[in-house]
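Report on one structure; see the data block that follows.
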Amino acid sequence: MALHDEFSESFLQPVDRLAWSATKWEKYRGRDVIPLWIADMDFPVAPVIQQALAAHVAHGNFGYMSTPQGLADRLAGYYAERYGWEIQPEWIVWLPGLVLGFNLAVKACCAPGESALTFTPVYPPFLHAAKTQGRESIEVGLAMETDAAGRLGYHIDFAALEAAVRPSTRLLLLCHPHNPVGHVFSADELHTLADFAERHDLVVCSDEVHCDLILDSGVMHVPFARLMGERMGQSITLHGPGKVFNLAGLGISWAIIPDAGLRRCYRQAAQRLVPEPCGLGYTALRAALDQGEPWRLALLARLRANRELVVAALGRMGLPHTFPAATYLVWIDARALVESVGNPSQWLEQHGVGLSDGADFGAPGFLRLNFGTAPSLLEKALARMEVALAAVRGQIIA
Ligand SMILES: Cc1ncc(COP(=O)(O)O)c(C=O)c1O
């Protein structure tokens, strides 16, 4: 039996997620719109995680929970094995969410009137974090290029970054791998970024929640902090199993902060405000770390196949798009449609497909498509998009 056969069937069946009010599906309850927007997947969670949760539920007590014994050591082992990064268990600060995690980074690193940098387009809460905390946000566009096959690629525009940084800047918020463009920053880019951060005395907060979702076999995720080496004290790494093991609803994540002083500031920013992670989240995390790998590998195989479905269809539609090296998100340039259809995201909703609106990521006219769903549903959504586009082009020609 092939390695992946044990799980591959489970990725083919759409799950009724409305039964438990999944945000992704609630948005279109009662409407015939296939939801491919918010970043979670429609697949059932790994059986080993379901079993661990079932055992926890059967115990029947859900009072306050401390971090389970040995979990931080286990996590340190995972970083060493998978990413060659030696962390100390005491560097870990447990969190109930990652958006909270980078908001705390802003609060800890920037005083009122100081600023944080972030690259656009980006996962919308990055755009709001500094402003939400009463600090200034500086947005720097990633450089975009289109290859001969019409595929979009993104990288850091260091000249733009140098031009944007101010004396009042204290923090750089990095999304690595990058949501929405699926770019895995190369070691070269990260080295240059580390030099930049050192020169300007910035802390880099790197959200690496998508790092175990690398789809390209030739691409390696390098934790930004590991690459910083001796300069690691200037880093905050955010991570959790929410994306790769589809556990976003369980509120389990963490920050890794090697420098004791920075860690103290971070904890102070959280004090009397931030609750512990969900106890069930700890249980799910332990099961994922200990037994989740075969499922994750099967998932990656499914996602690679889904990525092929999506890019083939977008190619037929003539819409420029990324070929994401990581994540289950494709980023689409629909600006050419704006003149004829108005807002492309709203227009596609009217044709039965719910994609994320690029405007929310700082890029109006773009769309983000989440392909973490059953291929039959994905094919149906892509067919609807093709029909809608053909109709528009027909109207334009007429
Ligand atoms: C890069 C990134 N960070 C954070 C989050 C959300 O994390 P949480 O639900 O733990 O706040 C997402 C969700 O899509 C994400 O893509």
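The values are calculated or read from the model by the stated rules, or taken from the named source; none is laboratory data. Quantities reported herein were computed from a predicted structural model and do not represent experimental measurements. As a convention, Cβ positions derive from the backbone with ideal geometry for all residues, glycine included, and neighbour counts pool all protein chains shown. All accessible areas refer to the heavy atoms of the entire protein, side chains included, with ligands and DNA or RNA removed. Shrake-Rupley method; radii C 1.70, N 1.55, O 1.52, S 1.80 Å.
If the condition is being exposed (fewer than 12 other Cβ atoms within 10 Å of the Cβ) and in contact with a Gly (Cβ under 8 Å, 6 or more places away or on another chain), then the stretch 43-62 contributes only 62. Taking the listed residues 301, 313, 260, the one that is buried (at least 19 other Cβ atoms within 10 Å of the Cβ) and at pLDDT 95 or above is 313, with no other qualifying.
In the stretch 133-235, counting only strands (runs of 3 or more DSSP E) that sit wholly within it, the ones holding 3 or more residues that are surrounded by 18 or more Cβ atoms within 10 Å (Cβ to Cβ), among the hydrophobic types (A, V, I, L, M, F, W, C) and in contact with a helix residue (DSSP H, G or I) (Cβ under 8 Å, 6 or more places away or on another chain) span 169-175, 203-207. Take residue 82 and decide whether it is at pLDDT 95 or above, surrounded by 20 or more Cβ atoms within 10 Å (Cβ to Cβ) and away from the ligand (no atom under 16 Å from the Cβ). So residue 82 fails the test.
Which residues, taken from the stretch 98-121, are within 11 Å of the ligand (Cβ to nearest atom), open to solvent by 20 Å² or more (accessible area, probe 1.4 Å) and in contact with a strand residue (DSSP E or B) (Cβ under 8 Å, 6 or more places away or on another chain)? Residue satisfying the conditions is 98 alone. Number of residues in the stretch 25-54 that are in a helix (DSSP H, G or I) and without any contact (Cβ under 8 Å) to a residue 60 or more places away in the chain: the value is 4. Looking at the stretch 58-74, is at least one residue hydroxyl-bearing (Ser, Thr, Tyr), in the same structural domain as residue 331 (by TED's automatic domain parsing) and not in a helix (DSSP H, G or I)? No: zero hits. I need the full set of residues from the stretch 346-362 which are among the small types (Gly, Ala, Ser), touching a Lys or Arg at 6+ places or on another chain (Cβ under 9 Å) and not in a strand (DSSP E or B), in order please. 352, 358, listed by residue number.
Evaluating residue 78 against the criteria (1) part of a helix (DSSP H, G or I); (2) in contact (Cβ under 8 Å) with a residue 24 or more places away in the chain; (3) in contact with a Pro (Cβ under 8 Å, 6 or more places away or on another chain) leaves one unmet condition, (3). The residues in the stretch 6-21 that are without any contact (Cβ under 8 Å) to a residue 24 or more places away in the chain and either of a type outside the set (A, V, I, L, M) or assigned to a loop (DSSP other than H, G, I, E, B) (or both) can be counted, and the count is 4.
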